[in-house]
Amino acid sequence: MQAPGLSWITVIALAAPALADWPHWRGPAYNGSSTATNLPATFSRTENVRWTAELPGPAAATPIVWRDRVFVSSTDTAAGGLVALALDRRTGRALWRQPVAEGIHRDNLSNFASPSPVTDGERVVFLYGQGDLVAFDLEGRTLWKRSLAQDYGEFAFLWTYGASPLLYGGRLYVQVLQRDVPVQGRGRPGPDGKIESYLLALDPATGKELWRHVRPSDAVQESRESYASPVPFTHAGRAEILVIGGDCITGHDPATGAELWRWGTWNPRKITHWRLVPSPVAGAGVILACAPKQDPVYALAAGGKGVLPDSAILWKSDQARDVTSDVPTPLFYLGDFFVLSDLRKALTRVEPRTGQVKWCLETPGTAKYEASPTGADGRIYLLNFRGEVVVVDAAEGRVVHRAELGEPGDDRTRSTIVAVDHELFVRTNRKLYCLAAP
């Protein structure tokens, strides 16, 4: 029965996801772009700050925003564990806080709260680097919880697992591309004595496995490890899940996990230490894959089938140029790719079909930039290790604003900036800022 005073159009509008939400690490379009407008032109720790929320510990996880809530995955340094948080979007007040597990980190470069949460508006799912996966309703009640390490074996990574989960088409996807032999005792060999890399699909309502697709790779040792996240993409009516790592990129059927196509390798010499961090990004019929370290970026024509020949490569960047990325995932915005190079300290705007560089900007300061760039309101937003936000004019490639939001001594700040409606959400090691013009 229709509620009094509500048309069916209104009911549908209230139930459907909005482009103004930021439900996934890379935003509503899965490419780092946002339709947000009228964002504050200038800001600081005190200027154009709607609210700040103190966080219990540092993490690389990006906050996600759904309607009136902000969800945050975090460490809790005082308690020595991991927590899931929900904040009131209007005030920053904590709505709920759920402890998830004990322990914060395994290595000194990252912690277990690197994967970003994800929501479909009915539930919010948190994944942590030691394998805990938990779903809550929007009020903070636990719907289900499971340990991927217990069910499928500890992750066989030299460093700490950091891929973010994906909710897409009614399924929850988790990507685990790992070594085929144990790492410091971690990893569970399969029937052939090798540890399997896989793309996992779960029922978001229950957490039960729908399927697990084993993804083979010819990579060796650490080059099998991928810290990238699965990304959905649709081209010419065909939906697929893009998976990158193990010296190759693949497209998978979202319904079954079956491999639709594969291209590789950027590592013909089988170098053993080419772990992969950037996720793939797609736009304008082009799929972008970043080889690790300071190697090229490759642009592939979308729509391929089977094992793709090198003729599927539209272009690859010149190794002498600055179009490369070791950690940040590129952005697709305003019809172009924006590639942030953390090692060569440059941001470039690139034409998708040709690879032509429209402009190249040296990133300011001495701190490293590992947070993936965000595009909104005609600007590109960057965040460096010290918690400094750099705003770049997307058309002209020039810095238009800089603001230090981190605290003295902050380091390894690398959560992606979120742009929703007229607000920016910036996470530093100790605070979450909501920035907006009056």
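Summary table below
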quantity	calculated
Residue exposure sequence - ASP68, ASP421 - by fewest surrounding Cβ within 10 Å	ASP68, ASP421
Cα shape, region 305-438, gyration tensor, a/c 1.5 rule	prolate
HN-Hα J in Hz across region 54-65 - Karplus 6.51, -1.76, 1.60, θ = phi - 60°, x for Gly and Pro	6, 9, x, x, x, 6, 8, 4, 7, x, 10, 10
Efficiency of FRET from Cβ geometry, LEU260 and ASP192, R₀ 30 Å, rounded to 0.05	0.75
Measure of compaction for region 150-213 (Cα Rg per 2.2 N^0.38 Å)	1.17
Listed residues SER311, THR42, ALA219: farthest to the positive end of the dipole of the chain (Cβ charges)	ALA219
Positive minus negative residues near LEU361 (Lys, Arg vs Asp, Glu; Cβ under 12 Å)	+1
Backbone N under 15 Å from the THR272 label point (7 Å along Cα→Cβ), restricted to region 224-255	224-225
Candidates THR363, THR374, THR354: whichever shows maximal mean-square fluctuation once the chain is modelled as a Gaussian network with Cα springs under 10 Å	THR354
13 Å beta-carbon shell around GLN178, net charge (K/R +1, D/E -1)	+2
Projected area, mean over directions - region 257-373, Cα convex hull, nm²	7.9
Extension gain, ILE313 back to ALA284 (0.36 nm per residue minus Cα-Cα distance, nm)	9.0 nm
Linear extension gain, ALA205 paired with VAL181, 0.36 nm per residue minus alpha-carbon span	5.3 nm
Summed side-chain charge close to LEU331 - residues other than LEU331 whose Cβ falls under 10 Å, Lys, Arg +1, Asp, Glu -1	+1
Dimensionless Rg/Rh of the chain - Kirkwood Rh, Rg from C-alpha atoms	0.94
Residues TRP51, TRP315 arranged by fewest to most Cβ contacts within 10 Å	TRP51, TRP315
Förster radius 56 Å - calculated FRET efficiency between ARG398 and SER147, Cβ distance, rounded to 0.05	0.70
Cβ crowding within 10 Å averaged over residues, with 237-244, 282-289, 105-112 ranked highest first	282-289, 237-244, 105-112
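Any read-out appearing in this document is the output of simple, stated calculations on the displayed coordinates, not a laboratory observation. Just so we're clear, the structure is a prediction, and the values are computed from it rather than from any experiment. Using ideal geometry, Cβ is built from the backbone for each residue, glycine included, and neighbour counts are taken over all protein chains shown.
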